[in-house]
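**Student:** This structure is in structure tokens; I'll ask about it shortly.
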Amino acid sequence: MTERVPAVEWFRPTPEPVLLGRRGRRTGTYFFPPTDAAGRNPAAPDEELDEVVLSRRGRIWSWTTNHYPAPPPFPARDPFRPYTVVAVELAAERLVVLGLLADGVDPGTLRVGAEVELDVGVLDRTGDREELVWTWRPVTAAGEGGT
Amino acid sequence: MSSDDVVVAGVGMHPWGKWGRPFVTYGLIAARAALADAGLEWRDVQLVVGGETVRNGYPGYVAGATFAQALGWQGAPVASVYAACASGAAALGVARAHLLAGLVDVALVVGADTTPKGFLAPSPGERGDDSDWLRFRLLGATNPTYFALYARRRMACWGATPHDFALVKAKNSRHGVHNPHARYRREITPEEVAASPVVAEPLRLLDICATSDGAAAVVLTSGSFAAARGIAPTVRVAAVSTVTPTFPNPVIEMPNFATDSAVGADGTPVPFRDAIARAAYDEAGLGPEDLSVAEVYDLSTALELDWYEHLGLCEPGGAERLLHDGATALGGRIPVNPSGGLACFGEAVPAQALAQVCELTWQLRGTAGARQVEGARVGLAVNQGLFGHGSCVILRR
């Protein structure tokens, strides 16, 4: 049986995929990824931080399709296929976060400002182990994120 | 004492290319050229500041001491500065601070690099707490990925086209033809850009700067030393900005894979690139209307257009028109990258900001030959280093 593990602890693939962040109690500022020792808003260096789940939907700020393989540590894909990186603006958090485009989506359909939703992709496979990463999938006309 | 009292006494470069020699050799040649240009001896130098590159996690590899040893130990203190692509300006800032403090009268600033082929990549090893490692591991987000995100955004917000981007390359290539230090000295047509392979849509190979070997060096002196030694104080340092961003920076920047959150911010967030230039203008007491010439960091063709706006050369969204009007070409109102820019040089990271200063110095002296901007009096050089390093230098006659 295949073991499926998230590539980083602040991405939770199940029951529905979410990115974990932190939020300052005093300023309301969000911090992502949640790996810093303290809040980074200089207006409140000592504020307490709570673990939060970031919005699962956002709008495309920009995107690009890469036509050359990235160097390690990005997992090599054999055969190489162009891969797309999407920058997504989260309205409530007022931040932009990058992510790979979900499998099977034609990047030719992407538009700046279009709505996308968090999904799960396989970053790397070794033996019976799959490493999972967050991806962005366009929200369909029916308003659902797809598969 | 005003900052105008720091004099650019000499500049020198080793040509950019892929020469396959050690960076120390390039730095030595550039340093000797700058000293000769200043009419000074190596033994006159009282401080050496080296711009560092970082390879395999070992920053000491390129250091002020390396150059001081290569020139022949003469006891001068050294400093070594790492600020990624902004290293040269940061090194210049350290040298200038020593001069302004009256600690030294002559400082030599050197940046040199030998670059590997292909994408710049993070050091080996697993580092789950390092955003530079994570952006490659999780996303394959190379540097051109970021350049392409900005370019696409420019297309969506302002209606820019890949042809506009190609025109930037064509302009800079026309400038670089006349530069003996440039690596690429051939005029490139927009059609050639359009026919080059796609790297990261919408950018093609000829939209994106290469990585090069090269070196640049600058000799700074105090005004009093220049007067005593008969060095003409033609070119003076009016400002050096090495600012970091202010929180929250609303633009996605290498090597981060998320921006700061603007929730809870005081006022409107200021994009980092605007702040870099603003700090330099404030120090110099000058504005964009005072500039005769600018060297800007065209890591990509599209990014040069962004910089026009960050520098205040035009209003947001006005860069394409400025380009089409010929304002930023030689002979225009505000020529940008008369050296040919990164489009003709490729990037030699710790040397690049100093190479910009070399070009401005020649422009302000009126010795830039076929690249000369007529009557140049004020020049600005700007760039940005990975990890939040600002770099902006203003020189004046």
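Any read-out appearing in this document is the output of simple, stated calculations on the displayed coordinates, not a laboratory observation. The model shown is predicted, which means the values in this text are computed figures rather than measured ones. Note that each Cβ is placed from the backbone with ideal geometry, even for glycine, and that neighbours are counted across all protein chains shown.
**Student:** Please determine, in degrees from 0 to 90 and to the nearest 10, the orientation of helix B:143-158 with respect to the longest principal axis defined by the Cα atoms of chain B, where the helix direction is its Cα long axis.
**Tutor:** 60
**Student:** Can you sort B:254, A:1, B:155 by how many other beta carbons sit within 10 Å, fewest first? Let's see the in-between values first.
**Tutor:** Details: B:254 23, A:1 4, B:155 18.
Going from least to most buried by this count: A:1, B:155, B:254.
**Student:** Something else: If you average the sequence gap of Cα pairs under 8 Å that are 6 or more apart and divide by the length of chain B, what percent do you get for the contact order?
**Tutor:** 25
**Student:** Can you give me the distance in nm between label points at residue B:370 and residue B:274, each placed 7 Å from the Cα along the Cα-to-Cβ direction?
**Tutor:** Roughly 4.0 nm, to one decimal.
**Student:** Over what distance in Å are the Cα centres of region B:15-44 and region A:13-50 separated?
**Tutor:** Between the Cα centre of region B:15-44 and that of region A:13-50, the gap is 48 Å.
**Student:** For chain A, with a Gaussian network of springs between Cα atoms less than 10 Å apart, report the residue from A:124, A:103, A:78 with the top mean-square fluctuation.
**Tutor:** Checking each option, the largest mean-square fluctuation is seen for A:78.
**Student:** Another question, if that's okay. How tilted is helix B:272-284 with respect to the longest principal axis of chain B? Cα atoms for both, answer in degrees (0 to 90, nearest 10).
**Tutor:** That helix lies at roughly 30 degrees to the long axis.
**Student:** Exactly which trypsin sites (Lys or Arg not before Pro) in region B:138-241 are in a DSSP loop and have at most 12 other Cβ atoms within 10 Å?
**Tutor:** On the way: sites: B:152, B:153, B:154, B:169, B:171, B:174, B:183, B:185, B:186, B:204, B:229, B:236; in loops: B:183, B:185, B:186.
Counting only loop positions with at most 12 other Cβ atoms within 10 Å, the trypsin sites (Lys or Arg not before Pro) in region B:138-241 are B:186.
**Student:** Using alpha carbon centroids, what distance separates region B:99-133 and region A:65-127, in Å?
**Tutor:** Centre-to-centre distance over Cα atoms comes out at 30 Å.
**Student:** May I pose another question? Please grab the % of Cα pairs in the protein assembly as shown that end up more than 45 Å from each other. All intermediate terms of the calculation are to be shown ahead of the outcome.
**Tutor:** On the way: 23235 of 147696 pairs.
Counting pairs separated by more than 45 Å, the tail of P(r) holds 16 percent.
**Student:** Can you check what the net charge comes to around residue A:31, using other residues whose Cβ is under 10 Å from the Cβ of residue A:31 (Lys, Arg +1; Asp, Glu -1)?
**Tutor:** 0
**Student:** Please list, by residue number, everything in region A:1-32 whose backbone N is under 19 Å from a paramagnetic label point 7 Å out along Cα→Cβ of residue A:128.
**Tutor:** A:1-6
**Student:** How well do other chains shield peptide A:53-65, expressed as the mean number of their Cβ atoms within 10 Å of each residue Cβ?
**Tutor:** Per-residue shielding by partner chains comes out at 4.
**Student:** While we're on this one: Taking the 0 to 90 degree range and rounding to the nearest ten, how far is the long axis of helix B:23-38 tilted relative to the main principal axis of chain B, both from C-alpha atoms?
**Tutor:** 60
**Student:** If Lys and Arg each add +1 and Asp and Glu each add -1, what is the summed charge of the other residues whose beta carbon sits under 9 Å from the beta carbon of residue B:122?
**Tutor:** +1
**Student:** Can you give the helix-only mean residue ellipticity at 222 nm for chain B, where every DSSP H stretch with n ≥ 4 adds -39500 (n - 2.57) and the sum goes over all residues, rounded to the nearest 500 deg cm²/dmol? Don't skip to the end; give the middle numbers.
**Tutor:** Values: 13 runs with 142 residues, N = 397.
Taken over chain B, the calculation gives -11000 deg cm²/dmol.
**Student:** In peptide A:22-35, what is the residue-averaged number of other protein chain Cβ atoms found within 10 Å of each Cβ?
**Tutor:** Mean shielding by partner chains, rounded to a whole number: 4.
**Student:** Can you work out the FRET efficiency for the pair residue B:69 and residue B:187, with r the C-beta to C-beta distance and R0 = 35 Å, to the nearest 0.05?
**Tutor:** For R0 = 35 Å, the calculated efficiency reads 0.25.
**Student:** What residue among B:69, B:372, B:356 has the largest mean-square fluctuation in a Gaussian network model of chain B, using Cα springs under 10 Å?
**Tutor:** The residue with the greatest mean-square fluctuation here is B:69.
**Student:** If you count, for every residue in A:95-104, the Cβ atoms of partner chains within 10 Å of its Cβ, what is the mean?
**Tutor:** Counting other chains' Cβ atoms within 10 Å and averaging over A:95-104 gives 5.
**Student:** Further question: Once you have the alpha carbon radius of gyration of region A:3-138, what is it after dividing by 2.2 N^0.38 Å, with N set to its residue count?
**Tutor:** Relative to the 2.2 N^0.38 Å estimate, region A:3-138 comes out at 1.14.
**Student:** Also, I was wondering about something else. Over chain B, with a Gaussian network built from C-alpha contacts below 10 Å, which listed residue (B:303, B:120, B:386) shows the highest mean-square fluctuation?
**Tutor:** B:120
**Student:** Follow-up. What distance in nm separates the two pseudo spin-label positions at residue A:92 and residue B:101, each 7 Å out from Cα along the beta-carbon direction?
**Tutor:** Here the answer is 5.0 nm between the modelled labels.
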